[in-house]
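Worksheet for the structure shown next.
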Amino acid sequence: MSDLSTRLIHHPYRPPEGFEAFAPGVHKASTVIFPDVHALRTQEWKDKSGYTYGLHGTPTTFILEERIATIEGGRFCVLAPSGLSAVSLVDMAFLRQGDELLIPDNAYGPNKAFASVELAAWGITRRYYDALDPADLAAKIVPATRLVWLEAPGSITLEYPDIPALVDVVRRANATREDGRHTLTALDNTWGAGIAFKAFELGVDVSMQALTKYPSGGADVLMGSVVTRDEALHQQVLMTHMRLGLGVSGNDTELVLRGLPTMALRYHAQDAATRELARWMQEQKGVVQVLHPALPGSPGHASFQRDAHAAACLFSVVFDPQFSQRQIDAFCDHLKLFKLGWSWAGPISLCAPYDVPTIRSLPWPHTGCLVRFAVGLEAVDDLRADLAQALATLSA
Ligand SMILES: *Cc1c(COP(=O)(O)O)cnc(C)c1O
């Protein structure tokens, strides 16, 4: 039983005796009652052998943690109240005053913002590297570098990095360390979701995801996860998570659990629709480039071809510089099925215009405006017709 779609449905959950339902129960608690003082003093939650307090986990959260870890090919998982809180949890678990952090220049914007403002205030410095250039990462790693973020592909501009090469740069730097303090790699795996590729097989130490996206699939819940294979790393994340008081609700956990059995199906359906629309968009007048790692000519295409066997529902379009931002904004306003909004991997298609030079420190090769599209679950023909009618207003 190796196919992920099958394993998402036939998972190890055992219903309570005499109640053979497929769906796990939704447990909620702040207080958990102990049978006696001995149990109060000794019951252990850190290895999931017992329950002690709502923030330390419930039967419902333990099931979701087990399933996300399994999907990603990891061993341990910690849930956070949003994808972004999972990012900051990783940073706070592994970084201390005086440490350095390296982030890809094309990383998820709020990841960069957390480092630039909060981490900077705590004496942790961050620098950006070019995700497509392992030599740039090698040049920027110093003994104080404790953590290197990876993201595949980059946010908005969708460059696909050579993850094994970046991981190798970090391994080589670690091999020269004499103080025993190693640099860790953490991947924002929201796009891959454990389906497009297996992060741990590519060598990363920590895999973080916004469960808000594919695992939920409903555009109605926020949650994040941090998955590890190494027990010591997991304990570090778990203890920081506990000290920060991060918890997720039983109802939110239920929503994510409910999305999992259809996740692989949705992922591949949205992948096919996205590629179709991205290829069609490439042929339209006024389009300079369509960014999608499966398209030849898209930055990092060769790494994508080698390391991934599926792609998420995102593509970005760079328009001819003859169109002003105002015209591109009007194009977005003309779209009817593609709604304006953040996030992706839900049932509804979304788009948003971006001014790339304002979110990057490395040079950006284009001068035209960029629009990112997130393809939902609508019929492809309807989405194509929507794009066509909005493009017609652009050239008119
Ligand atoms: C959405 C997203 C996040 C943050 O998830 P939230 O649940 O919205 O906080 C982090 N990384 C990536 C790549 C995302 O797309």
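The values are calculated or read from the model by the stated rules, or taken from the named source; none is laboratory data. Because the structure is a prediction, the values reported are computed rather than measured. Cβ: placed from backbone, ideal geometry, glycine included. Neighbour counts: every protein chain shown.
Filtered by the rule that a residue be more than 13 Å from the ligand (Cβ to nearest atom) and either in contact with a strand residue (DSSP E or B) (Cβ under 8 Å, 6 or more places away or on another chain) or modelled with pLDDT under 95 (or both), segment 94-122 gives Phe94, Leu95, Arg96, Asp99, Glu100, Leu101, Leu102, Asp105, Ala115, Ser116, Leu119, Ala120.
The number of residues in segment 83-109 that are in a helix (DSSP H, G or I) and of a type in the set (D, E, K, R) comes to 1. Answer yes or no: is there a residue in segment 193-201 that is farther than 21 Å from Ala135 by Cβ, of a type in the set (Asp, Glu), outside any loop (DSSP other than H, G, I, E, B) and within 14 Å of the ligand (Cβ to nearest atom). The answer is no, given that none of the residues of segment 193-201 is farther than 21 Å from Ala135 by Cβ, of a type in the set (Asp, Glu), outside any loop (DSSP other than H, G, I, E, B) and within 14 Å of the ligand (Cβ to nearest atom). Assess whether Arg258 counts as being over 17 Å from Gly376 (Cα atoms) and in a helix (DSSP H, G or I). Against the criterion (over 17 Å from Gly376 (Cα atoms) and in a helix (DSSP H, G or I)), Arg258 qualifies. Residues that are among the small types (Gly, Ala, Ser), assigned to a loop (DSSP other than H, G, I, E, B) and more than 15 Å from the ligand (Cβ to nearest atom) are absent from segment 161-172 altogether.
Scanning segment 359-392 for residues that are touching a His at 6+ places or on another chain (Cβ under 8 Å) and among the polar types (S, T, N, Q) yields a total of 1. The numbered conditions (1) surrounded by fewer than 22 Cβ atoms within 10 Å (Cβ to Cβ); (2) polar (S, T, N, Q); (3) within 14 Å of the ligand (Cβ to nearest atom) are all true for Ser225 except (1).
With the condition kept exactly as written, say whether any residue in segment 240-257 is at pLDDT 95 or above and touching an Asp or Glu at 6+ places or on another chain (Cβ under 8 Å). Yes; the residues of segment 240-257 include at least one that is at pLDDT 95 or above and touching an Asp or Glu at 6+ places or on another chain (Cβ under 8 Å).
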